[in-house]
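I have placed the structure first, in the form of structure tokens, so that the comments after it can refer back to it.
The values are calculated or read from the model by the stated rules, or taken from the named source; none is laboratory data. Given the structure is predicted, the values throughout are model-derived calculations rather than measurements. All Cβ positions, even for glycine, are placed from backbone atoms using ideal geometry, and neighbour counts span all protein chains on display. We work out accessible area using only protein heavy atoms, side chains counted, and drop any ligands, DNA or RNA first. Shrake-Rupley method; radii C 1.70, N 1.55, O 1.52, S 1.80 Å.
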Amino acid sequence: MSSLEADVLVIGGGSTGAGVARDAALRGFSTILVERRDLADGTTGRFHGLLHSGGRYAVKDPSAARECIAENRILRVTAADCVEDTGGLFVSTPWDDPEYGDQFLEGCRATDVPAEEIPVAEALRREPRVNPDIRRAFLVPDAALDPWKLVWGCARSAEAHGARILPYHRVLDLEMDGERVVGAHVRSERSGEEFGIHATVVINAAGAWAGQIADLAHCTVNVRAGMGLMIAMNHRLVHMCVNRCKRPSDGDILLPLRTACVIGTTDVFVPDPDQTEIRQEDIDLLLDEGEKLVPGFRQARALHAWAGVRPLFEDTAKVAETRDVTRSHALLDHSSREGVAGFLTITGGKTTTFRLMAEAAVDAACEQLGGPRPCRTAEVPLAGSESHELYQISHRLAAREPVPQAEEIICECELITRSRLEEAIKQRDTTSLDDIRRLLRLAMGPCQGGFCIYRATGILHQGGQVDQAGANQTLLDFLEERWKGVHPILHGDQLRQARLDDWIFQGILDVEHLPV
Amino acid sequence: MNDLIRDSLDHCVKCTICETHCPVSQVTPLFPGPKYVGPQAERYRGAGPSSDASVDYCSGCGICTQVCPQDVKIAEINSRARAKLWEKRGVPLRNQMIARPTVIGRLGTPVAPLANWALHNRAVRGMVQSMIGIHRDAPMPSFAGKTFQRRSRSHHGPTDAPAVVYFHGCGTNYYEPVLGEMMVAVLEHNGFRVIVPQQDCCGLPLQSNGNFPAARTYVRRLVDRLVPHARAGLPIVSNSTSCGLMLKREAHEILGIEDEDLKLVSESMYDVCEFLLRLHERGALRTDFGSLPLTVPYHAPCQQRGHGIGKPALDLLALVPDLDMIELDVDCCGIAGTYGLKKEKYEIAMAVGKRLFDDITATGSDLAACDSETCRWQIAHGTGVTAVHPIELLYRAYGLGASDPAGKHGTRPLAAVAAGPGTSERDTGSHD
């Protein structure tokens, strides 16, 4: 590959980048997307999974609230396979001022977010585990959003319209022609091959890393990385997205996401978005806040903890608290800002509004590509969502019903069959089980890979994807990656699981002495 | 509100021990196994309807819960999932019928000869199979004609002895009233006055067929009948292991009934062998057993093991001279209450029971002992041997039948007593 040509080069493979690539491709532009790691491996793949109704921002950030509810309505239709219609509940716990509920309702009314106060008894009937001492409860149309399905749905949709999606391609440098960005010099992280991509417009959708990309064109994008911690619990303690009815703060969201339920988040400024250290005090904080929402939370089984970084855009003066930065997005045209043409940055925002961000970015790109072309992403469904059938938690169970023992299951927790795994390996053409995890949720259940990873490694080897040493390395890499998220929450039931997994991997497989 | 059954799935470490013990998944691909439908599938069951009809192939034997080293309430999770499934689909007529033994009992009893003819007529059973879905070969007991309740009304036992309350269950009432009389005789022999309160079904068949609301109604009604005695501090004994377990644990744990009266009844409830063994441990059991030169294989049914009381029947029968009990180590006979009656599950139930049948046949005995009525009927069906409750062996060893020369028990061979309903109009226990 010596060099590639495109109308639009998108840098960043999160929801924003994938959304931009899809939008541009749907408008008929030749499009290439590069991502230094796997798609949705950065912020998008590490967010809590809440498709906001806007309720959370209704009081503090009305424009963000309006955007959220509009996008929420669109994604339920165009990204149906990624959305579970759980509904949302805002509750005033004994730690929250019940009068905030009035501001909340007023804010929702003003921003077109449907919110309805329901009797506490009714809320407790719907969510029997929620703290019985709540004083008020409000229904909103929150939903759960599967980030990986969303990004891959965008990517496949873009590919179907001629785009090229290149994960594991790192931008080494931007190619400049005077004061114009004309492409990028990239390296394949898998093959090591370096090549150029020439493009009329380069869109920087690198999120929390957008500043690093902008630097390459000597432009300034001031994005702060606000690290948020989340913990996945073993099963659904709540069936709706339950929010504390108060000003947004730490640990005030608990939502069902696929088979788990997730509590989040914290918000801590980190200087480097690649350095996210999980602190014990933050784990404790989340578990304590969980206990306020659902008594007994600390006794429930925690599966995994992880941190993601929000891209928080600050245009001018420093802001003391990251939560005070607007959650609306920022579109920067570097020709008007710094006189650098052919280069746009889209950052800030949130996954719920990724489509809107993409639309804004491609609208701006159109101006440099010969005039406006209509955006179609609000109507055309994503790849996988053509039937408009919303995701339901029982889908995987239902799929196995016809003949339950017909095919061996490789990942028992996530109900992944051998053929589904083999198909995914072939589709991704990868040696990384983490890539497969993001596609299928391999090893994301209670045993955290204890029973499926050695099986999956064997299948990878059997299929000729890796040789013996490569298989061993793959296994070790994956175990190490899982361990990062397991060790911060090791207590109770998950500690027992970790001991059993340890006996399997150390005692039976002696993984520490595998030849690699 | 904590949901202790669902929450127990958090303890699962996927060790698969339950799967290796499940008698059903070993014989059919239609049941994906206890770990799969229990702690695994439960994570996929949200607030809405679930779609895994395969959970209905769980027989509810409860072995998974018993063997789980992590204390996951697997069978209980499955039981509730089944109820949720039928809540959505509506419990089929067949399951509604076979789950109401008192209704069947009341219908069949007045016309016992005709009903029994029909129950054992190939042509009628063929029709029943195709119209209702009860397998034509499934073991069906015979109506006794005169219920245990009626028989006990004319029985006059001691009046000044310490009292014990007898919860006989539907099987004894409609099909095995003679066993009920033996229970009374054995208890009276040990110096008790036996109170037989009015009683109805415990709701267990409704629970295992997924109709929880109706099951709760039955439990509550039964508890109302029993609780005055429990309040009076009287022990309640039962010879039906599954019905006894329902009151001891399942009504609370599976049906989720939170009720002080139920709690009182639960705490007063004893399996009869458990009760007698406790007597023996206090030195209060009469041990005037005569010789019973028999070799009898003994099967402890799944529900009996659910009591967590060991196998008291074997300890008791070890006191009987010349009686050689063979302890069988097979987990399940397959019938699981009403499971093996169903057209689509009969073959599975028979396949589950095969090892037990083979082991019993291999002993060469024409008699087997087992605490649970439906299991006895299944064993008799699967082996051709006579299956009796351990109480019947004690009754014989006490010589209670023999001391009643005019009574039917003394003149009938043991096997005949066990095989079918009594025909005599005489009251048992009048010997005392």
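Our estimate of slack between B:ALA318 and B:ASP160, defined as 0.36 nm per intervening residue step minus the Cα-Cα distance, is 53.8 nm. Using a probe of 1.4 Å, the accessible surface attributed to B:ARG125 totals some 20 Å² when neighbouring protein chains are kept in position.
Mean partner shielding of peptide A:385-398, defined as the number of other chain Cβ atoms within 10 Å of each residue Cβ, is 3.
Averaging the inverse of every distinct alpha carbon separation and then flipping it gives the Kirkwood radius. What is it for the range B:12-60, in angstrom units? All intermediate terms of the calculation are to be shown ahead of the outcome.
Details: mean 1/r = 0.0884 Å⁻¹.
11.3 Å is the Kirkwood radius here.
Rounded to the nearest 20 debye, the dipole size of chain A about its Cα centre is 860 debye, using +1 on the Cβ of Lys and Arg and -1 on the Cβ of Asp and Glu. Using the Cβ-Cβ distance between A:ASP272 and B:ARG249 with R0 set to 51 Å, the FRET efficiency works out to roughly 0.35.
Overall, the protein assembly as shown carries a charge dipole of about 3280 debye about its Cα centre when +1 sits on the Cβ of Lys and Arg and -1 on the Cβ of Asp and Glu, all other atoms neutral. Take the Cα of A:HIS388, step 7 Å toward its Cβ, do the same at B:VAL124, and the gap between the two points is 5.7 nm.
Would you work out if the range A:395-513 is rounded, prolate or oblate? Take a ≥ b ≥ c from the square roots of the eigenvalues of the alpha-carbon gyration tensor; rounded if a/c is under 1.5, else prolate when a/b is larger than b/c, oblate otherwise.
Details: a/c = 1.79, a/b = 1.16, b/c = 1.54.
Taking the square roots of the gyration eigenvalues as a ≥ b ≥ c, the range A:395-513 is oblate.
Subtract the Cα-Cα distance of B:ARG225 and B:ASP288 from 0.36 nm times their separation in residues, and report this length gain in nm to one decimal. Before the final figure, lay out the partial values.
Values: separation 63, 0.36 × 63 = 22.68 nm, distance 3.44 nm.
In short, 19.2 nm is gained.
Taking every protein chain into account, the 1.4 Å probe leaves B:ASP271 with about 0 Å² of accessible area, to the nearest ten. How tilted is helix B:212-231 with respect to the longest principal axis of chain B? Cα atoms for both, answer in degrees (0 to 90, nearest 10). So the helix axis and the longest Cα principal axis differ by about 40 degrees. Compared with the dominant principal axis of the Cα atoms in chain B, helix B:272-281 is inclined by about 60°. The listed residues A:THR474, A:THR43 rank as A:THR43, A:THR474 when sorted by accessible area, largest first, using a 1.4 Å probe.
The B:ARG153 and B:ARG89 beta-carbon pair, evaluated with R₀ = 41 Å, returns a calculated FRET efficiency of approximately 0.45. Placing unit charges on the Cβ atoms only, positive for Lys and Arg and negative for Asp and Glu, gives chain B a dipole magnitude near 1460 debye about its Cα centre. The alpha-carbon atoms of the range B:286-419, seen along their principal axes, cover 47, 31, 26 angstrom, with the largest extent given first. Shown for chain A: cysteine residues without a partner Cβ closer than 4.7 Å, namely A:CYS68, A:CYS82, A:CYS108, A:CYS154, A:CYS219, A:CYS241, A:CYS245, A:CYS261, A:CYS366, A:CYS375, A:CYS413, A:CYS447. Once C-alpha pairs closer than 8 Å and six or more residues apart are averaged by separation and normalised to the residue number of the range A:335-459, the relative contact order reads 15 percent.
Taking a quarter of the surface of the Cα convex hull of chain B, what do you get in nm²? Numbers along the way, then the final one.
Values: hull surface 79.3 nm².
The Cα convex hull of chain B, projected and averaged over all directions, gives 19.8 nm².
Under the rule a/c < 1.5 gives rounded, and otherwise a/b versus b/c splits prolate from oblate, where does the range A:116-199 land using the Cα gyration tensor? Mind showing how you got there, number by number?
Working: a/c = 3.74, a/b = 3.31, b/c = 1.13.
The shape class here is prolate.
Spatially, the range A:355-396 and the range A:11-36 are offset by 11 Å when compared through their Cα centroids.
Stick to the Cα atoms of the range B:4-89, pair each with every other, and give me the Kirkwood hydrodynamic radius in Å at one decimal. Can you show the working numbers first?
On the way: mean 1/r = 0.0795 Å⁻¹.
With all distinct Cα pairs of the range B:4-89 included, I get 12.6 Å.
Chains A and B together bury roughly 2900 Å² of accessible surface, counting both sides and using a 1.4 Å probe on protein heavy atoms.
Translational diffusion coefficient of the protein assembly as shown (Stokes-Einstein, Kirkwood radius from Cα pairs, 25 °C, 0.890 mPa s): 78 µm²/s.
Per-residue shielding of B:11-24, expressed as the average number of other chain Cβ atoms within 10 Å of the residue Cβ, stands at 3.
Using heavy-atom solvent-accessible surface (probe 1.4 Å) with all chains present, what is the largest-first order of A:ARG455, B:ARG286, A:ARG441? Write down the numbers at each step before the final one.
Working: A:ARG455 70, B:ARG286 105, A:ARG441 25 Å².
The ordering from most to least exposed comes out as B:ARG286, A:ARG455, A:ARG441.
Each residue was assigned an accessible area with a 1.4 Å probe, and for A:ASP146 the value is about 10 Å². Taking every protein chain into account, the accessible area of the range B:4-89 amounts to 31 square angstrom per residue (probe 1.4 Å). Rounded, prolate or oblate, given the Cα gyration tensor of the range B:33-72, with a/c below 1.5 counting as rounded? Taking the square roots of the gyration eigenvalues as a ≥ b ≥ c, the range B:33-72 is oblate. Taking the charge dipole of the protein assembly as shown about its Cα centre, with +1 at Lys and Arg Cβ atoms and -1 at Asp and Glu Cβ atoms, the residue from A:THR377, A:LEU216, A:ALA206 reaching farthest to the positive side is A:THR377.
Per residue, what volume in Å³ does the Cα convex hull of chain A take up? The partial results should precede the final answer.
Values: hull volume 76.2 nm³, N = 516.
For chain A, the hull spanned by Cα atoms encloses 148 Å³ per residue.
The mean sequence separation of alpha-carbon pairs under 8 Å and at least six residues apart, normalised by the residue count of chain B, gives a relative contact order of 17 percent. Solvent-accessible surface of the range A:174-229, taken per residue with a 1.4 Å probe and all protein chains present: 36 Å². For the range B:286-419, the relative contact order is 25 percent, taking Cα pairs closer than 8 Å that sit 6 or more residues apart in sequence and dividing their mean separation by the residue count. With all pairs of separate Cα atoms included, the range B:197-333 yields a Kirkwood hydrodynamic radius of 16.3 Å.
Roughly how many Å is it from the Cα centre of the range B:190-256 to that of the range A:195-258, as a whole number? Using only Cα atoms to place each centre, the spacing works out to 57 Å. Here r is the Cβ-Cβ distance between A:ARG496 and B:LYS343 and R0 is 30 Å; the resulting FRET efficiency, rounded to 0.05, is 0.10. Only helices enter this figure: runs of n ≥ 4 DSSP H residues, each worth -39500 (n - 2.57), summed and divided by the residues of the protein assembly as shown, yield -11000 deg cm²/dmol at 222 nm to the nearest 500.
A dipole drawn for chain B from +1 and -1 charges on Cβ atoms has a positive end, and of B:LEU356, B:GLY38, B:GLY145 the residue lying farthest that way is B:GLY145. All Cα-Cα distances of the range B:278-319, cut into 5 Å bins from zero to the largest, leave 5, 16, 26, 20, 20, 11, 1 percent in each bin in turn. Nonpolar atom fraction for the protein assembly as shown, defined as the carbon and sulfur part of the 1.4 Å probe accessible area, stands at 52 percent. Taking Cα atoms only, the orientation of helix B:346-363 departs from the longest principal axis of chain B by about 40 degrees. Think of chain A as a dipole: +1 on every Lys or Arg Cβ, -1 on every Asp or Glu Cβ, centred on the Cα centre; then among A:PRO141, A:GLN497, A:ALA471, A:PRO141 lies furthest on the positive end. Cross-link partners of B:LYS73 among lysines, defined as those whose alpha carbon lies under 29 angstrom from its own and excluding same-chain residues fewer than eight positions apart: A:LYS292, B:LYS14, B:LYS35, B:LYS84, B:LYS88, B:LYS248, B:LYS263, B:LYS311, B:LYS342, B:LYS343, B:LYS345, B:LYS354.
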